[in-house]
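Notes to accompany the following structure.
Each value in this text was obtained by applying a stated rule to the coordinates, not by laboratory testing. Model, not experiment: these values are computed from the prediction. Note that we place each Cβ from the backbone using ideal geometry, even for glycine, and neighbour counts take in every protein chain shown.
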Amino acid sequence: MGAAKKFEDLEVWIAAKDFCVSIYKITENEKLKKDFGLKDQIRRASISIISNISEGFERNGNKEFIQFLSYSKGSAGEVRAQLYIIKELEFITDKEFRELNDKITQISKMLSGFINYLKQSELKGTKYKIEQ
């Protein structure tokens, strides 16, 4: 888990938080605001990303953390799919789509890199007193 003492220190968590705020803001536009189901779904998926990073970190074991990072990565894929739908429905502009899609793709890559790092780490998490 590197030098991070709390989940708020993790670059991937910061990026996911900023992305989630962007999703909340973009879903307030007049067209998307009226589609309660889709608006709610993309918001829940985006907040699931940062929530699972946080929960996994707090469990203090790499195996569990990896599992929760994997959930976050799945939610990132869900958001990406939903971005295509809201773009096709013309709820967002092509520019907004590209910006959001680039951000979520980067977050997904960060999650993959972090998962790989934890898998290769000799330290199995802070809840373990000795390395295993």
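Points worth noting:
- Rg and Dmax of segment 34-132, based on Cα coordinates, read 16.2, 54 Å.
- As a rough footprinting exposure proxy, the listed residues S72, S22 were ranked by other beta carbons within 10 Å of their own, and the order from fewest upward is S22, S72.
- Helical content alone sets the calculated 222 nm signal of the chain at -25000 deg cm²/dmol, taking -39,500 (n - 2.57) per DSSP H segment of four or more residues and averaging over every residue.
- Cβ-to-Cβ counts within 10 Å put V79, V12, V21 in ascending order as V21, V12, V79, the fewest first.
- Two-site FRET efficiency, K119 against I85, from Cβ-Cβ distance with R₀ of 25 Å, rounded to 0.05: 0.15
- The ranking of D35, D102 from fewest to most other beta carbons within 10 Å of each one's beta carbon is D102, D35.
- Size of electric dipole in the chain: Cβ of Lys, Arg +1 and of Asp, Glu -1, about Cα centre, debye, nearest 20: 280 debye
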